[in-house]
Structures are given as C-alpha cells and as structure tokens.
Amino acid sequence: MAEKFQGFDFYDLDSALSEEERMIRDAIREWVEEEVIPIIGEAYYERRFPRSLIPGLGELGVLGANLPEKYGCAGLNNVAYGLIMQELERGDSGLRSFVSVQGALVMYPIHAFGSEEHRREWLPRLASADAIGCFGLTEPDYGSNPAGMITTAKKTADGWVLNGTKMWITNGSMADVAVIWAQTDAPDNPRGIRGFVVPTDTPGFSARDQTGKLSLLASDTSELALQDVHVPDDALMPGSTGLKSPLMCLTQARYGIAWGVVGAAMACFHEALGYSTQRIMFDTVIGAKQIQQVRIADMLTGITQGQLLALQVGRLKDEGKVTPQQVSLAKRANCHMACEVAREARRLLGANGILVEYSAMRHMANLESVYTYEGTHDIHSLILGQAMTGLSAF
C-alpha cells in the first residue's frame, strides 16, 4: 500500500497560505490519517457511517468552523475552512458531507436566518457535536427545482403545522434537529418559502434510511416524513425570506464541495502514483510506461488547477467579494476534475482498483453523487450560461 500521505503542491500553494492555515490543514490531515483512513474502507463496505468519528470532529472544532466564536465555533476564515473540507474528503466524501451539512446547511442558516434564541440554543451544541442536524430542502419530485416544493407550513393560532416529504437528506436518521423549508400560507407572504427549526422528536416527524444506494455508502442518507408536525411560532426562522434563503445555504455547501473534491482527487492520485512505482508488468514498473505517465500528468494537472481555483474563490469569499456564480464555477469544475482523476486512478490500478482495500473506486463512486448534489453539473452550467448571456435557460 501507499506511504503516508504528504500532499501534492506542484505550484507551491503553501507559500500562499498563512501559517495558521497550514497548521489547521496539517492537523486535520494527521487526524484523517490516524482516525479515518484505517476504518473508512470497512465502514463503506458495511454501508454505515462511522459514528465513532463524531466526537472527534467536535473536539477538532471543524463543525461550523467559519462561524463566530461567540456561539462556540472556531471563527476561522474561509480558506482554512476549505482546507478542512479538502482533508476530510480525502478520507471520504461521506465524512465531508456530514461536516458540510452540519456546518453549511444547518448551523449557517440558524446563524444567518434564525433568532438569537435559535443561535444560543443550537449553535454551541451543534459545534461540539452534542447535537446533530439535517437540512430538509430536496423533495422526491423537486430536486433541481426547489421552488416547486410541495411541503407546506399552515399557520395556526399558536404556531404552524408542517406536512410533506424530503428526500436525500444527509444525517437525517441520526439528527436531533432539522432545518425544514416549506411553502407557507401566511397572509403577508402567500406561497412564500420559509425555514423552520424542528427538533426531530416532535410528534409526526420521522426519518428512514434511503436504501439501494451504490454511492456514499459510508454516509447517513434518509427520507424525512412530516405528518401534521405542530411547531410553535418561534420555530420559524425570522430571517428566512423566500427561496433566496435556502439557495444561500446551498452556496455555502457548494463552496465546501469545491475544496473537498480536491482532497478526494489527491487521495486517488497519491494511491495511483505510489502503485505505479511498485507494480511490475513486463519486467518493469508500470510508472515507466508512457501511457501511465500521461495519466499521472493529467491527474496532476487537474488537481493543481483545482487547488488554484479553490484558493482563489476562498480568498474572494474572505474579502466578501465572491458571487454565487463564482462558487458554481468552482463546484462544477472541481467535481468534474475529481471524477476524471478518480476514474483514471482506478484504471491505472487495474483489477486491484475495484478492491475496497484501495480507495480509488470508493472515491469514484462517491464523487458521482457529489457531481449531482448541491446543484447538478448541468444546473451549474445553466447558472454560468445565464451569468454570461443574461438569458435564463431554466
């Protein structure tokens, strides 16, 4: 098997990172090497999320790491946050998905749109992993078109009644709290999409595991059902004001993905490069063959481009200049790159590439889901096309 991962930095990106950013990256890298890599293959094969890792994630401070310290979060900049996502997904996309959902899709909306009571009640617990959250936006028939959701929130004298179904919900089966998006019938905002903070032990709320997956096997993926779920008035996130609010959450998640998939690609490249210098065929190592060196060059080029893209979008985000369209480009480009790298790494490994003891095919299968969720590759193409032409193709 390959030697301990040391990273690939062909363009000396370390020189563009601060000492703190490098230290954070290296700390998460070491944790992934020691805690994740030894167990993730077995967890994937057994189709289970490795819950034993959750306390460590809380102790590391990676949950909602770019949110304010006053709520128990690490208060890191967005580049440091991105580097954390990179290293976690180098372990597995399911692990990064857990952290991304907790931070970008649960903690971020509570911080951005929730009341101060919501923030003080939930953010410290979510940051420490004392509580787990999930994000209920996607529905069985309304994935790429969240505006068409049919989950409803009906106003009552003392609160709201939620009814509907959500699908493809990461962390759903183990969540303590859900951020649920629904169409409301409020007189001042008819058919307006609003967000609600819903404890999962509320009567009428249920979750069941999504079965039949061939990807993200080491991830908790669920279907949520809301049947006459009564919540008080203060469950409504007062700052949620229509479809723009959940889309802002998706931009946060997409940003983390743009970094995370670089880590998955790095893991595949590291494995393939090591294998190419050890595997002997026709009396020489396969790394000495032209066809494999072309593969290695292509993988290295893609990863380097992805690293540069992620770093620049991170700097723009830290400066408050980033646009959702720029995040879309980074998510789209880096997911495509990572899928290509994983596939070529799997092919370089030959028959061994399909074994769970190697990581390439696990990453390859996972990345097909990452390519699709938080906005499919094609949806991001249309976002960019609209940005350039001013014309909507949706």
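Observations
- Mean residue ellipticity, 222 nm, helices only, the chain: the sum of -39500 (n - 2.57) across DSSP H runs of n ≥ 4, divided by residue count and rounded to 500, is -15000 deg cm²/dmol.
- Å² per residue, accessible surface of the chain at 1.4 Å: 43 Å²
- Taking each residue as 0.36 nm, the span from Gln325 to Leu247 lengthens on full extension beyond its C-alpha to C-alpha distance by 26.9 nm.
- Potential extension, Arg22-Asp298 segment - 0.36 nm per residue separation minus Cα distance: 96.8 nm
- Overall, the accessible surface of the chain at a probe of 1.4 angstrom is composed of carbon and sulfur to the extent of 53 percent.
- Reported to the nearest whole Å, the Cα centre-to-centre distance from segment 53-115 to segment 144-162 is 28.
- Once Kirkwood radius over Cα pairs in Å is calculated for the structure shown, the corresponding label among [x] 23.5; [y] 21.4; [z] 27.9 turns out to be [y].
- Prolate/oblate/rounded call for segment 79-185, Cα gyration tensor, a/c under 1.5 rounded: oblate
- Neighbourhood charge, 13 Å Cβ-Cβ cut-off, centred on Leu355 and excluding it, Lys, Arg +1 and Asp, Glu -1: -1
- Per-pair calculated FRET efficiency, R0 = 45 Å: Met174 and Gln312 via Cβ, rounded to 0.05: 0.80
- The chain: Lys pairs at Cα distance under 22 angstrom, eight or more positions apart or on different chains: 12
The values are calculated or read from the model by the stated rules, or taken from the named source; none is laboratory data. For clarity, every value in this text was computed on a predicted model and none was experimentally measured. Cβ sites come from the backbone with ideal geometry, for glycine too, and all protein chains shown count toward neighbours. Side chains included, ligands, DNA and RNA excluded: accessible areas come from the protein's heavy atoms. Shrake-Rupley method; radii C 1.70, N 1.55, O 1.52, S 1.80 Å.
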